Amino acid sequence: MNVVERQLKAYNEKNIDAFMECYSEDIQVYKFPNTLRFSKKEEMREHYDKMFQAFPNLNADVVKRVEQAPYCIDHEYITGKEKEPFHATALYEIKDDIITKVWFL
């Protein structure tokens, strides 16, 4: 199982420790194209831990995945967060089986 698949599984299980193991210590998370949301792993952990607790039915299903090293793009269908399900797209940069950057479109 690749790192993007592992983080998706942990996300859906709301397993914050397994989720964060998939990310580098100096993870950078952006709102596409260049608005920085997180530049520290601890900031990201706090955000996702709160979200996992607030939305126990949160779930992401991959509609389509495109992999071209060192990138992976997931088009996801998200339920359990807002009143209506919605689509999200994430672009992951991977190095040595660890996610180093993420862009959310």
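The values are calculated or read from the model by the stated rules, or taken from the named source; none is laboratory data. Note that the coordinates shown come from a computational prediction; the quantities given were computed from them, not determined experimentally. Here the Cβ positions follow ideal geometry from the backbone for every residue, glycine too, while neighbour counts run over all protein chains shown.
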Quiz item: Of all residues in the range 15-53 being hydrophobic (A, V, I, L, M, F, W, C), free of Cβ contacts under 8 Å to residues at least 24 places away in the same chain and in contact with a helix residue (DSSP H, G or I) (Cβ under 6 Å, 6 or more places away or on another chain), which is nearest to residue 79 (Cα to Cα)?
Solution: 18
Quiz prompt | Single match in 46, 5, 42 (criterion: within 23 Å of residue 68 (Cβ to Cβ) and either modelled with pLDDT under 95 or in a helix (DSSP H, G or I) (or both)) | solution = 5
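Picking from 81, 64, which residue would you name as being among the basic types (Lys, Arg), part of a strand (DSSP E or B) and out of contact with any Asp or Glu (no Cβ under 6 Å at 6 or more places or on another chain)?
Working: 81 fails: part of a strand (DSSP E or B).
So the residue among 81, 64 that is among the basic types (Lys, Arg), part of a strand (DSSP E or B) and out of contact with any Asp or Glu (no Cβ under 6 Å at 6 or more places or on another chain) is 64.
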Quiz item: Mind checking which pairs have a first residue in the range 54-77 that is loosely packed, with under 12 Cβ neighbours inside 10 Å and of a type in the set (D, E, K, R) and a second that is modelled with pLDDT of 95 or more and in a strand (DSSP E or B), Cβ under 6 Å, 6 or more apart or different chains?
Solution: 64/75
